[in-house]
Amino acid sequence: MTVMSAHPNAALVLIEFQREWLDPEHGRLNHLVEDRGLLDTAVHGAAAALAAARAHGIPVVHVPLVLTPGAPELASWTPARLGLRAAIPKAGTWIQGSTGVEFAEAFQPAPGEPVVRGRAGASAFAGSSDLDLILRRLGVTDLYLAGFATHVCVESTLREAHDRGYTAHVIHDACAAFTRTQQDHVREHVIHHFGDETDAAAFAASLAAALPAR
């Protein structure tokens, strides 16, 4: 795990802190999480990272997934037959206007915090997402990633951030997969190829060391 001073051009990127994941009553994906402790740790870690980012004035960028009924955005120019492109329309998750796409209460965007639009895919950069435009406008070079699921959307975003030239850091205790095995695989075999990892406490400490509190 890398512990370093936060880059002054850093941003915290929160991926899918929506009720689909975080609402025990209405979240369909919440019901599929097998390691509940992992999810609870991620919620607490992300809340701590969010508080630190806001306290020290680095940008917080919210990346929801919101699709129109039937999720035609995922079909693109070919039929959606396999993978998430096929599974999401069948499950009926992430549909605009549904309870699941609402931000979880503790992770509501604050005034002025950008919310990514147009995303259609696992990566936060996928489809017509305006994430890259937002980051470039803000002068961001270093991304600190938090969210769900570690082995799907966080990993996909990490890989694409690397290939787009960003320096990417995964806040591992602010992310969760469905199982510990999935989480550990990403940490042990994936992250070091495309960036590095830290934890919420080290992230907060690095901000405190590099930037004054607001």
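The values are calculated or read from the model by the stated rules, or taken from the named source; none is laboratory data. Predicted model, so just to flag it, every value in this text is computed and none were measured. Every residue, glycine among them, receives a Cβ derived from its backbone with ideal geometry; neighbour counts consider all protein chains shown. The area values use the complete protein model at the heavy-atom level, side chains included, leaving out ligands, DNA and RNA. Shrake-Rupley method; radii C 1.70, N 1.55, O 1.52, S 1.80 Å.
Residues that are charged (D, E, K, R) and touching a helix residue (DSSP H, G or I) at 6+ places or on another chain (Cβ under 6 Å) within region 181-213 comprise just one, Glu197. If you check Ala71 against the conditions, is it surrounded by 17 or more Cβ atoms within 10 Å (Cβ to Cβ) and either under 25 Å from His44 (Cβ atoms) or not charged (D, E, K, R) (or both)? The answer is yes for Ala71. Do we have any residue at all in region 190-197 that's open to solvent by less than 20 Å² (accessible area, probe 1.4 Å) and in contact with a strand residue (DSSP E or B) (Cβ under 7 Å, 6 or more places away or on another chain)? Taking every residue of region 190-197 in turn, at least one turns out to be open to solvent by less than 20 Å² (accessible area, probe 1.4 Å) and in contact with a strand residue (DSSP E or B) (Cβ under 7 Å, 6 or more places away or on another chain). Checking the structure you have, find out if any residue of region 40-56 is more than 30 Å from Ala210 (Cβ to Cβ), modelled with pLDDT of 95 or more and of a type in the set (A, V, I, L, M). Checked against the condition, which is being more than 30 Å from Ala210 (Cβ to Cβ), modelled with pLDDT of 95 or more and of a type in the set (A, V, I, L, M), region 40-56 yields no hits at all. Only one entry of His62, His31 meets the criterion of being loosely packed, with under 14 Cβ neighbours inside 10 Å, at pLDDT 95 or above and within 24 Å of Asp173 (Cβ to Cβ), and that entry is His31. For region 93-104, the set of residues classified as open to solvent by 30 Å² or more (accessible area, probe 1.4 Å) and either under 19 Å from Leu12 (Cα atoms) or touching a residue at least 40 places away in the same chain (Cβ under 8 Å) (or both) consists of Thr99, Glu102, Phe103, listed by residue number. Residues in region 127-148 that are under 22 Å from Gln108 (Cα atoms) and touching an Asp or Glu at 6+ places or on another chain (Cβ under 8 Å): how many? Qualifying residue count for the region: 2.
Condition test on Ile134, is it buried (at least 19 other Cβ atoms within 10 Å of the Cβ) and under 12 Å from the mean Cα position of the chain (by Cα)? It is false that Ile134 is buried (at least 19 other Cβ atoms within 10 Å of the Cβ) and under 12 Å from the mean Cα position of the chain (by Cα). Annotation for region 135-155: at least one member residue is without any contact (Cβ under 8 Å) to a residue 40 or more places away in the chain and more than 30 Å from Gly37 (Cβ to Cβ). Quick one: which residue in Phe178, Phe125, Phe107 is closer than 26 Å to Glu197 by Cβ, open to solvent by less than 20 Å² (accessible area, probe 1.4 Å), touching a residue at least 40 places away in the same chain (Cβ under 8 Å) and hydrophobic (A, V, I, L, M, F, W, C)? On inspection, the qualifying residue turns out to be Phe107.
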